[in-house]
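Below: the structure, in C-alpha cells.
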Amino acid sequence: MKLLFLDSPSFGKLDLIEAFEQKGYEIQLFNHENLHDYHNKDFDDYFDELVCGKDFSFVFSLNYYPSISNGCNRNHLKYLAFIYDNPLVSLYSYTLINPYNYIFLFDKACYLDFAKEGIETVHYLPLCANAKRLSAMQLPADKRAILSSDVSFVGALYNEDHNFLDRMTDLDEYTRGYIDAIMKSQLKVNGYFFIEELLTPEIIASMKKSLEYHTQPGGTESDAYVYANYFIARKLTSLERQSVLKEVSERYDTKLYTHNATPELPKIQNMGAIDYYDVMPHVFKNSKINLNITLRSIRSGIPLRAWDILGAGGFLLSNYQEDFFDFFVPGEDFDFFDGTDDLMSKIEYYLSHEKERTDIAENAFRKIAESHTYLHRVETMLEIAGF
C-alpha cells in the first residue's frame with residue numbers, strides 16, 4: 001500500500017508518517033512551489049504526472065489545499081486532510097465539496113458550521129499526541145534547571161510590528177472605537193467568539209478601505225470571517241496573552257518560549273523560540289504548570305499545544321475550550337481558568353499541592369496513550385475513508 005504525503009512544514013508531520021507506516025503504508029513525499037495557488041497549470045501538470053499509474057491509495061496533507069483536492073478529483077483519488085489550524089481560509093473554497101475529499105476538522109464548532117450546511121466531506125476529529133515518543137524523551141539532570149519553572153508558556157504573542165489590525169492607521173474614529181469596544185467585550189467572554197457577528201457592513205467597508213482583503217479565486221469566505229478571524233482575533237490573542245503573562249510573571253517564576261522580544265513583560269524570562277520536536281517536550285515535562293491560552297479564532301477546539309503538554313506528561317492549566325470536556329475531566333486530567341483572578345488562584349493552589357498536580361498530569365497521560373495518539377487518529381481517518 002502506498003500513499004502520497006505532502007511534505008510541508010507542519011507540526012506533527014513526522015508523527016503522522018510514523019503512524020501511517022505502522023499501518024503498513026509506504027510513503028512518498030511531494031511538494032511544489034505553486035501548491036498554494038487555487039489554479040496553476042504547472043502544479044496541475046506536476047500532480048497529474050506524479051500520480052499517473054502509481055497506484056497510490058490516497059493523498060494526505062496536514063491542513064487543506066484546494067490545488068490537491070482538484071488534482072485528486074481529476075484523477076479519482078481520495079484526498080485525506082487533517083486540519084490543525086483555525087482560521088484556515090482554504091476551507092472556504094468551492095473545492096470543499098469535491099467528492100474525493102475526506103477533511104478532518106479539530107474544532108467542533110467549525111465542523112458544525114459546515115455540517116449544518118449539508119457538507120458531507122467534513123468530519124470532526126480532534127488532534128492528538130505521540131505519547132510513546134514524548135514519554136521516552138529524558139533530559140539529563142544537569143540540564144533540567146534551564147527549562148524548569150513554576151509556570152511556562154510556549155507560543156507566539158502575535159506582537160510583531162505591523163500586524164494586520166495595527167496596519168489600519170487611517171481608520172475613522174467611529175470604526176476604531178467600535179472595534180476597540182467589541183474587543184474589550186470579547187476579552188471578558190470565554191467559550192463563545194462573537195466578533196464576526198458584530199462586524200456590520202459599515203464597519204467592514206471602513207476596514208476594507210483601510211486594508212483590503214482580496215478573496216481567493218473560487219473562495220466563499222465572507223469579509224466578516226476574514227476580518228474577524230485573521231485581523232481581530234490575532235490582536236485579541238496578543239492582548240490576552242500579554243496581559244495574562246504580565247500578571248503571572250509578576251508573582252511567579254515564569255518562562256516564555258516565543259520568537260519575538262517582549263520588553264512589555266519585564267519580569268518574564270523570555271527564553272526565545274524552541275524546537276518543536278527536540279526541546280518543547282522537555283519544557284512541558286519540567287514546568288510545574290503549563291499554560292494554554294488559545295488563539296481566539298479557535299472557537300471550541302483543543303489546540304495542538306494542549307495535546308502535546310498532556311502527551312508529554314505535563315500539567316495543563318488552560319483557558320476554557322468546550323471540546324476539552326468531550327475527553328477530559330477538569331480537576332482530574334487538567335484544569336481550566338476563567339479570568340485572571342481564577343488563574344492566579346489556581347496557580348497558587350496547584351503549586352502548593354504537588355501530589356494532586358502530578359496525579360492529574362499522570363491521569364491525562366494515560367488517557368492520551370490509551371485513546372488519543374496519532375495511530376488512533378490515523379485508524380479513524382482510514383476507517384471513515386473506507387480503507
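The values are calculated or read from the model by the stated rules, or taken from the named source; none is laboratory data. Keep in mind it's a predicted model, so treat the numbers as computed, not measured. Please note: Cβ atoms are built from the backbone with ideal geometry, for glycine as well, and neighbour counts cover all protein chains shown. Heavy atoms of the whole protein, side chains included, go into the accessibility calculation; ligands, DNA and RNA do not. Shrake-Rupley method; radii C 1.70, N 1.55, O 1.52, S 1.80 Å.
Does any residue in region 335-353 that is in contact (Cβ under 8 Å) with a residue 60 or more places away in the chain come within less than 7 Å, Cβ to Cβ, of a residue that is among the charged types (D, E, K, R) and part of a strand (DSSP E or B) six or more places away or on a different chain, and which pairs are these?
So the pair list comes out as Leu351/Asp150; Leu351/Lys288.
So which residues in region 256-311 are in contact with a strand residue (DSSP E or B) (Cβ under 6 Å, 6 or more places away or on another chain), part of a loop (DSSP other than H, G, I, E, B) and closer than 22 Å to Leu351 by Cβ?
Within region 256-311, Ile268, Met271, Ile293 meet the criteria.
Going by what's in this entry, would Ser287 be described as open to solvent by less than 20 Å² (accessible area, probe 1.4 Å) and hydroxyl-bearing (Ser, Thr, Tyr)?
It is true that Ser287 is open to solvent by less than 20 Å² (accessible area, probe 1.4 Å) and hydroxyl-bearing (Ser, Thr, Tyr).
In the set Asp275, Asp308, which member is acidic (Asp, Glu) and crowded, with 22+ Cβ neighbours inside 10 Å?
Of Asp275, Asp308, the one residue that is acidic (Asp, Glu) and crowded, with 22+ Cβ neighbours inside 10 Å is Asp308.
Can you name the number of the only condition in (1) modelled with pLDDT of 95 or more; (2) farther than 23 Å from His123 by Cα; (3) open to solvent by less than 60 Å² (accessible area, probe 1.4 Å) that Glu33 fails?
(3) is the only condition that Glu33 fails.
Rundown of residues vs (1) under 27 Å from the mean Cα position of the chain (by Cα); (2) without any contact (Cβ under 8 Å) to a residue 60 or more places away in the chain, yes/no style:
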{"site": "Tyr46", "(1), (2)": "no, yes"}
{"site": "Pro66", "(1), (2)": "yes, no"}
{"site": "Asn75", "(1), (2)": "no, yes"}
{"site": "Lys78", "(1), (2)": "yes, no"}
{"site": "Ile83", "(1), (2)": "yes, yes"}
{"site": "Leu88", "(1), (2)": "yes, yes"}
{"site": "Ser93", "(1), (2)": "yes, no"}
{"site": "Ile103", "(1), (2)": "yes, yes"}
{"site": "Lys108", "(1), (2)": "yes, no"}
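Report yes if some residue within region 210-232 is touching a residue at least 24 places away in the same chain (Cβ under 8 Å), more than 23 Å from the chain's Cα centre (by Cα) and part of a helix (DSSP H, G or I); otherwise report no.
Yes, the conditions are met somewhere in region 210-232.
Search region 111-161 for residues being free of Cβ contacts under 8 Å to residues at least 60 places away in the same chain and in a loop (DSSP other than H, G, I, E, B), and hand back the single one that is nearest to the chain's Cα centre (by Cα).
Per the stated criteria, the residue is Thr121.
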